[in-house]
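The values are calculated or read from the model by the stated rules, or taken from the named source; none is laboratory data. A quick note: this is a predicted structure, and the numbers were derived from the prediction, not measured. Reconstructed Cβ throughout: ideal geometry from the backbone, glycine too, with neighbour counts over all protein chains shown.
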Amino acid sequence: MARARATQGVDLVLASLLVLLMLRALPVAAGDLPGWSRIDFEAHKFLLSATASVRLRHADRAELLEVPGYEVRVAPPGSLLRMEAASSFLMSESRTLLWLDGDTVQLLQKERIDERGYGRYKSSRVLRDGIYRWQRRAEADDANAEPASWRIKREGFSPTAPIGDRAYTDTLALLLAAAALVQRGDAVVEWLVYDDGALREVTMRADGEVDLRIPHRQWQGDKTMRISTPTRCLRVRVAARSQATEEAEFSLLGLRGELLMYLDLRSGAVLRISGQEPRIGALTINATRVYLVQ
């Protein structure tokens with residue numbers, strides 16, 4: 001009996017060592033991808049709950065729209081990424097897709113579908129000197145039609161403010177851009193963000209390392225593990241300033257105001273975001289699943 005207990009104890013120690021080695025082997029980056037390809041989030045407050053799933057993958061140039069008569073921005077071969085976020089909160093569902101230059105996180109194209117009424121679909125294509133936008137709304141007879149075939153309600157070209165050669169991105173892409181604080185060890189990174197028709201300066205500032213217990217499940221290929229012990233995280237403060245006014249709010253996964261992010265130092269994945277939700281106040285969303293790059 002004592003030998004059996006001793007053998008079990010050795011097995012537990014070996015299993016713990018294998019898990020520790022697996023964690024230390026998790027990649028921080030693979031090519032132009034961070035260490036993750038998907039993060040699922042959840043938030044709970046009062047009797048309300050919200051979910052969001054963010055996915056990242058390589059994309060093909062054929063997925064980008066062409067705009068006759070305009071010069072569109074493109075990404076170098078092999079560096080085009082597609083980022084997708086699907087969220088659900090207060091009986092409302094939305095889906096956002098971004099196409100990005102993986103080298104600079106430059107926004108190239110965006111689509112957003114909101115299930116309001118019969119449905120609303122907005123798309124935009126980034127040009128050399130501005131943005132071309134389309135807005136479509138579904139009618140009663142469009143229930144089974146693809147959003148891209150809905151009736152166009154508005155479209156047109158909008159010039160962007162003069163920014164020289166600076167790249168600009170979308171607020172959702174900050175989940176990808178934040179990895180620079182982990183990968184390069186930067187203390188501060190600044191991004192120009194195009195959000196809701198306005199350009200905003202966003203500052204992401206590292207604010208020390210902390211150990212946080214954020215229970216979640218990690219996947220890498222066909223291997224999975226439950227993370228229930230504290231994770232070493234980098235705390236990041238995110239604040240925005242509009243080019244037109246001193247202070248500006250922007251929205252990331254429904255959260256506004258100054259945000260707090262916590263990034264897993266091993267993978268660069270965002271495990272927690274805290275901010276303000278306009279209808280219910282302070283809200284924190286936590287990662288429940290993280291899919292790591294193989």
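So that you can scan it fast, the table gives a plain yes or no per residue for (1) touching a strand residue (DSSP E or B) at 6+ places or on another chain (Cβ under 8 Å); (2) among the aliphatic types (A, V, I, L, M); (3) surrounded by fewer than 19 Cβ atoms within 10 Å (Cβ to Cβ):
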position: 114; (1), (2), (3): yes, no, yes
position: 139; (1), (2), (3): yes, no, yes
position: 146; (1), (2), (3): no, no, yes
position: 165; (1), (2), (3): no, no, yes
position: 168; (1), (2), (3): yes, no, no
position: 205; (1), (2), (3): yes, no, yes
Taking residue 238 and the conditions (1) farther than 18 Å from residue 40 by Cα; (2) more than 17 Å from the chain's Cα centre (by Cα); (3) of a type outside the set (Gly, Ala, Ser), which numbered condition does it fall short on, given that it satisfies the others? (2)
In region 41-59, what count of residues is obtained for those that are surrounded by fewer than 18 Cβ atoms within 10 Å (Cβ to Cβ) and either of a type in the set (Lys, Arg) or outside any strand (DSSP E or B) (or both)? 5
Residue 229 passes all but one of the listed conditions (1) of a type in the set (Ser, Thr, Tyr); (2) closer than 17 Å to residue 169 by Cα; (3) out of contact with any strand residue (DSSP E or B) (no Cβ under 6 Å at 6 or more places or on another chain); the exception is number (2)
Within region 247-292, of all residues that are closer than 18 Å to residue 37 by Cβ and polar (S, T, N, Q), the one surrounded by the most Cβ atoms within 10 Å (Cβ to Cβ) is 267
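Hey, does region 172-195 have a residue that's of a type in the set (Lys, Arg), crowded, with 16+ Cβ neighbours inside 10 Å, over 17 Å from the mean Cα position of the chain (by Cα) and farther than 26 Å from residue 50 by Cβ?
To start, the set of residues in region 172-195 that are of a type in the set (Lys, Arg) comprises 184.
Checking which are crowded, with 16+ Cβ neighbours inside 10 Å leaves us with none.
No, the conditions are met nowhere in region 172-195.
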Would you check if there is a residue in region 60-80 being assigned to a strand (DSSP E or B), more than 28 Å from residue 155 (Cβ to Cβ) and at pLDDT 90 or above? no
Which residue out of 245, 229 is β-branched (Val, Ile, Thr) and at pLDDT 85 or above? 229
Within region 217-235, identify whether any single residue is assigned to a loop (DSSP other than H, G, I, E, B) and acidic (Asp, Glu), and answer yes or no. yes
Restricting the search to region 96-137, which residues are assigned to a loop (DSSP other than H, G, I, E, B) and either over 23 Å from residue 189 (Cβ atoms) or touching a Lys or Arg at 6+ places or on another chain (Cβ under 7 Å) (or both)? 115, 116, 117, 118, 119, 128, 129
